[in-house]
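Below you'll find the structure, written out as structure tokens, and then a few comments.
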Amino acid sequence: MDASQQLILLILGCTIALFLWGRWRHDVVALAALMACVVTGLTPAADAFVGFGHPAVITVAAVLILSKGLQTTGAVEALAQRVLPKRGGLLSLAALTLLGAFLSAFMNNVGAMALLMPLALQLSAREGLPPGRVLMPLAFGTILGGMTTLIGTPPNLIVAGFRARQDMGGFGMFDFTPVGLSVALGGVLFVVFASRWLVPKRAPPDAGSFDTGTYLTEVRIDADSKADGKTLAEVEELLEDNDAQIVGMVRNDFRVTAPQPSRRLHAGDILVIEAEPEGLGASLTRLGLKLEEAVAPSSSDKADDDTAGQDEELSTAQNSSTDDANTAQPVAAAPTEQDSDAAKAEEKEKEKESKPSLSDEITVQELAVQPSASILGRSASDIQLRTRFGINLLAISRQGHRSIRRLRWTEIQAGDVLLMQGTPEAMSGFASEYGCIPLAPRSILIPDRRKALYAVSIMLGAIALAAFGILPAAVAFMAGVLGYMLTRVIPLRRIYEAVDWPIIVLLAALMPLAAAMADTGAADLLAQTLLQHFAQGNAIIALTLMLVVTMTLSDFMNNAATAAVMCPIALSVASQLGVNPDSFLMAVAIGASCAFLTPIGHQNNTLILGPGGFRFGDYWRLGLPLEILVVLLSIPMLLWAWPL
């Protein structure tokens, strides 16, 4: 062993030790390892940052952005509503886990997990199950699904990039599918059926996030809405799964107080819905509804604003008498014939000026009303919220109160939480002028059908370009990012916020480290030791050891880092045995993607730690049998799909 090999192995050992210690973030450790390689002369200074331009790193960044678009537009939410059954505990769990695995094959698996977690918690509450018994199978299913395609998980991209750098050509989009799909299906079935006995029953701690209570919002029924033609009772039954209910309606500018459940709904009706913040987007997606205040006001709406304050309070069924149940009352006066053309033109011009331009970023923000706020006792119509600020009031949360007027005429009270839509500058100006406090950002999904269609079309187009070899994967998915920018699927200001930069730095910094291992011969030395002392020249035993060692490392350190460290060793082992290197590279990809023993092995495991009420030692009970099953399924499939 020469000096360069000793140095790279020392750096590698320290890097792995720091990864396992967890005192510093993974990207910090990777940068330190890169700097050590440069300072010691193992990596030329000119090549120190070539990893940032590596196709695998570019592809990971692009896929993160594309995944974010699928999340924020409501595309995944719409798919979930159509696919998941509404009844049946085991069937619902299986469908949810399979959906998570499917989504993870084409988008970031952490994003898929974050999107489906609310549905998992709803399922556990509906079926009376501990949250952990739904969350852990879902987390493991999303991890398993990522190994089925090139873009499903960073280790696959690392392995493909390493193969390409050895002048062997990169792996294609679905080269991982034969082995990955078999393992994923077997694993998903196992976790669904075994979770009942192997996942401990834990009570989650109290949620630490702020609670604003339910929101009251107005939604309009369009001609293509699922609610068109249904009765109120039928619509309320569909909303129950999302913890939402109807508390009133408006038809033809007439308020219907406590409408009968048998009343049939039609296009143009406005429903007043009470919903939890997290269930608001799901309720809209489920029935194809649109927020009434998120669209430009009609001419009658403008007239309504002029007569703000003339409406009676909208009472709920609990507070209404039987005599009032079928009465309808006008909510606004119609526009008068004396309105001059000049006045109408002036109104249109004001609306045009207040409307944000395409270059503006439209966001959704929660604002709390202070006791000393100057907006107290005034409504959105009173202060001309749309005209002056270009802001839409989407919903109001008022603790202990369900009785409100039409949303735009509701007088704001101290303690109200306003859900508003507009540019950050406009909402900041409004909050400053009227004494409101922006709350901490949280995910409140407001679906956008047009942008969701753009997001899905662009993602499918990028996948097709990469799958058929028309463009390299990095180019195809970066072209998809450009499509997002042009169609405003994600606001330009937030496009790069979707990138998990620590992961990008980690991948880019470890590329030169892996190259140094190969260049110094350290990888060959480790491979020779492995073969002589453990595999004893048997290729199948060596393949199994490669899978198990990679899987074990991935349980305690980042999966992308594990793949980067193990790839040169895998190639050296295959070279010394004189067998197909693809078998060993695929074993690294499978092993690096399977981290089921600890909450730190994968971000999805960490995500469920709190909501599931888990302890560190709870994961191995389901994770260890699952990893054994992965080995039993992977080795025969590897030998069949990638013969030695």
> Hey, V588 hits all of (1) surrounded by fewer than 24 Cβ atoms within 10 Å (Cβ to Cβ); (2) at pLDDT 90 or above but one; which does it fall short on?
Replying inline: (1)
>> open to solvent by 60 Å² or more (accessible area, probe 1.4 Å), closer than 30 Å to L103 by Cβ and among the aromatic types (F, W, Y): is that true of F19 in this structure?
In response: no
> Which members of the range 394-413 meet the condition of being assigned to a loop (DSSP other than H, G, I, E, B) and at pLDDT 80 or above?
Replying inline: T410, E411, I412, Q413
> In the range 248-299, what count of residues is obtained for those that are outside any loop (DSSP other than H, G, I, E, B), of a type in the set (V, I, T) and modelled with pLDDT under 75?
Replying inline: 1
> Which one is surrounded by the most Cβ atoms within 10 Å (Cβ to Cβ), of the residues in the range 138-176 that are among the aromatic types (F, W, Y) and out of contact with any Cys (no Cβ under 6 Å at 6 or more places or on another chain)?
Replying inline: F140
>> Every residue in the range 489-503 that is under 18 Å from the mean Cα position of the chain (by Cα) and not small (G, A, S), please.
In response: V489, I490, P491, R494, I495, Y496, E497, V499, D500, W501, P502, I503
> Regarding L510, is this residue surrounded by 20 or more Cβ atoms within 10 Å (Cβ to Cβ) and either in a helix (DSSP H, G or I) or among the charged types (D, E, K, R) (or both)?
Replying inline: yes
> Which condition breaks for M107 when tested against (1) in contact with a Gly (Cβ under 7 Å, 6 or more places away or on another chain); (2) at pLDDT below 85; (3) open to solvent by less than 10 Å² (accessible area, probe 1.4 Å)?
Replying inline: (1)
>> With closer than 13 Å to T72 by Cα and part of a helix (DSSP H, G or I) as the only criterion, which of Y484, Y496 stands out?
In response: Y484
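Is it true that A563 is touching a helix residue (DSSP H, G or I) at 6+ places or on another chain (Cβ under 7 Å), open to solvent by 10 Å² or more (accessible area, probe 1.4 Å) and at pLDDT 85 or above?
When the stated conditions are applied, A563 does not pass them.
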>> For the range 22-43, which positions are modelled with pLDDT of 90 or more, part of a loop (DSSP other than H, G, I, E, B) and surrounded by fewer than 13 Cβ atoms within 10 Å (Cβ to Cβ)?
In response: G41
> Take the residues of the range 592-633 that are of a type in the set (G, A, S) and either at pLDDT 95 or above or in a loop (DSSP other than H, G, I, E, B) (or both): which is most open to solvent (accessible area, probe 1.4 Å)?
Replying inline: G610
> If you go through the range 563-574 one residue at a time, do you hit one that is assigned to a loop (DSSP other than H, G, I, E, B) and within 30 Å of D618 (Cα to Cα)?
Replying inline: no
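Using the structure shown, decide if F106 is among the hydrophobic types (A, V, I, L, M, F, W, C), under 23 Å from the mean Cα position of the chain (by Cα) and in a loop (DSSP other than H, G, I, E, B).
So F106 passes the test.
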>> Please pick out the residue among L116, L135, L129 that is surrounded by fewer than 24 Cβ atoms within 10 Å (Cβ to Cβ) and aliphatic (A, V, I, L, M).
In response: L129
> So which residues in the range 51-67 are open to solvent by 40 Å² or more (accessible area, probe 1.4 Å) and either polar (S, T, N, Q) or touching a helix residue (DSSP H, G or I) at 6+ places or on another chain (Cβ under 7 Å) (or both)?
Replying inline: F52, P55, I58
> Is there any pair with a first residue in the range 68-80 that is free of Cβ contacts under 8 Å to residues at least 40 places away in the same chain and a second that is among the hydroxyl-bearing types (S, T, Y) and part of a helix (DSSP H, G or I) whose Cβ atoms are under 7 Å apart and which are 6 or more apart or on different chains, and what are they?
Replying inline: none
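The values are calculated or read from the model by the stated rules, or taken from the named source; none is laboratory data. This one's a predicted model, so the numbers in the text were calculated from it and none came from an experiment. Backbone-built Cβ (ideal geometry, glycine too); neighbour counts: all protein chains shown. Accessible surface is based on the protein model in full, side chains and every heavy atom, while ligands, DNA and RNA are left aside. Shrake-Rupley method; radii C 1.70, N 1.55, O 1.52, S 1.80 Å.
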